[in-house]
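Below: the structure, in structure tokens.
The values are calculated or read from the model by the stated rules, or taken from the named source; none is laboratory data. Since the model is a prediction, treat every value here as computed from it, not as a measurement. Backbone-built Cβ (ideal geometry, glycine too); neighbour counts: all protein chains shown.
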């Protein structure tokens, strides 16, 4: 049988991967594009200007039989993919929780992708484990947390919260769910998890995934500032115990998604200690504010929690994804998840940390590298300066809203999130809802800014979140002008 001299990959390559020449050309072009893009993301409309299916129609239905030139692929990246991108790096991105993938973080992400290591065991790349331990301890110190917290990196706060709830289940004596499961057990009471009405949906999803059942996530009423009411928490726990249910865990939030409210963690910790409940604190957005000395108080009471999550990929200039989970009870977390098959056993270095033991996933990317790069490149003082600027910009918008007729704040302004609505004189609340929604749609459709919305006290509100390091005061001023222009056009 005749063997073809042309390999099945693209002709001209010298091996299974690209040739050195092709690799250099592709990497050089990609690097130059990244440098140009991060230099001015505002050249693009912040919100993708495509209709459903526009991108898919430009993509072949079947994969190519032969390899294609990297220049052609990069051409299609710019021609086909970019128009369908909503630019989270854009200085006008003020929706959801605005984020930044900073240059140091992007460089680290590129290096991690090139190394392509799996840090499941210490021995599979000692630097992955030891750099993660050190970078998370740096972050612990920056947050003002006492020694004794064990940190582990996950992809998102959703997973971190789910792992915390699993640890809470493992910590409860007598359940033995790890070995016996939950199905068909008449000796197992209904397990209850408590969080405020303003908590993130990941609490509910974690309870669903772990088999507690959505009905067993108890949403505690909030006060006028959208904070959990500790007295209501204590009452619900007592009522559930009287009904034969088993209260398990409480999730308190520092910086809720809708309004950035801060639950009274010290008072909630009192309830948890009295009732022997696991306390998890979701500080995924606002926790990093504690790096700023005058905002250190936002983590008051967290030292009494069992676990905590903070997301550097939200407001610490680290590319998605990187969620820092801390616990004061790593033995419980490890007990919940450690499972070592024979092919992963090792008798050497028995005292090292194997990160695979602290969660569901076996495979672990080298995420710590980008956090390490970011902290080193900006330093604590540089990070503090940027966070202060974002908080000051939010206060600037808040002051404009307070002093302009028709505009009202929908929640106290905390950190870098402003929630507000528009209702001109004489308009009903329902008319104000319609106008506020129309203003948001008009501003977003113009492509310079992207904001999101929520409902507070059952009223429609715009959320303007500042967290992108490329967002400067003049961008914030321009966003306010755009909002006022839209309001004038619609009234």
Next on the checklist: With the requirement that a residue be under 20 Å from residue 250 (Cβ atoms) and out of contact with any helix residue (DSSP H, G or I) (no Cβ under 6 Å at 6 or more places or on another chain), what does the stretch 309-329 give you?
Outcome noted: 326, 328, 329
Item to check | Subset of the stretch 133-152 (residues that are farther than 18 Å from residue 384 by Cα and either under 18 Å from the mean Cα position of the chain (by Cα) or in a loop (DSSP other than H, G, I, E, B) (or both)) | outcome: 146, 147, 148, 149, 151, 152
Next on the checklist: Restricting to the stretch 95-119, give me the number of residues that are more than 16 Å from residue 322 (Cα to Cα) and either in contact with a strand residue (DSSP E or B) (Cβ under 7 Å, 6 or more places away or on another chain) or not in a helix (DSSP H, G or I) (or both).
Outcome noted: 4
Item to check | Failed item, numbered, when residue 82 is tested on (1) at pLDDT 95 or above; (2) closer than 27 Å to residue 364 by Cβ; (3) surrounded by fewer than 19 Cβ atoms within 10 Å (Cβ to Cβ) | outcome: (2)
Checklist entry - Limited to the stretch 204-232, what total is found for residues that are on the phi > 0 side of the Ramachandran plot and surrounded by fewer than 16 Cβ atoms within 10 Å (Cβ to Cβ)? => result 2
Checklist entry - Of 183, 252, 269, 234, which residue is in contact with a helix residue (DSSP H, G or I) (Cβ under 6 Å, 6 or more places away or on another chain), outside the structural domain of residue 413 (by TED's automatic domain parsing) and either part of a loop (DSSP other than H, G, I, E, B) or within 30 Å of residue 466 (Cα to Cα) (or both)? => result 252
Checklist entry - Between a first residue in the stretch 290-304 that is surrounded by fewer than 19 Cβ atoms within 10 Å (Cβ to Cβ) and a second residue that is not in a helix (DSSP H, G or I), which pairs have beta carbons less than 6 Å apart while being 6 or more apart in sequence or on different chains? => result 296/144; 303/146
Item to check | Filter result for residue 363 (over 23 Å from residue 102 (Cβ atoms) and without any contact (Cβ under 8 Å) to a residue 60 or more places away in the chain) | outcome: no
Item to check | Matching option when the condition is in contact with a strand residue (DSSP E or B) (Cβ under 9 Å, 6 or more places away or on another chain), free of Cβ contacts under 8 Å to residues at least 40 places away in the same chain and within 21 Å of residue 164 (Cα to Cα), among 255, 211 | outcome: 211
Item to check | Search result, residues across the stretch 350-395 that are exposed (fewer than 15 other Cβ atoms within 10 Å of the Cβ), touching a helix residue (DSSP H, G or I) at 6+ places or on another chain (Cβ under 7 Å) and at pLDDT 95 or above | outcome: 380
Checklist entry - Inside the stretch 455-491, can you point out the residues that are under 17 Å from residue 95 (Cα atoms) and part of a strand (DSSP E or B)? => result 455, 456, 460, 461, 462, 463, 464, 465
Item to check | Pick from the stretch 205-231, criterion in a loop (DSSP other than H, G, I, E, B) and in contact with a helix residue (DSSP H, G or I) (Cβ under 8 Å, 6 or more places away or on another chain), ranking: nearest to residue 178 (Cα to Cα) | outcome: 210
Checklist outcome for this item: Subset of the stretch 29-87, residues in a loop (DSSP other than H, G, I, E, B), closer than 29 Å to residue 441 by Cβ and in contact (Cβ under 8 Å) with a residue 40 or more places away in the chain, comes to 44, 45, 46, 47, 49, 85, 86, 87
Checklist entry - Can you name the number of the only condition in (1) surrounded by fewer than 24 Cβ atoms within 10 Å (Cβ to Cβ); (2) closer than 30 Å to residue 366 by Cβ that residue 312 fails? => result (1)
Checklist entry - Within the bounds of the stretch 458-475, is there any residue that is in contact with a strand residue (DSSP E or B) (Cβ under 9 Å, 6 or more places away or on another chain), at pLDDT 95 or above and surrounded by fewer than 16 Cβ atoms within 10 Å (Cβ to Cβ)? => result no
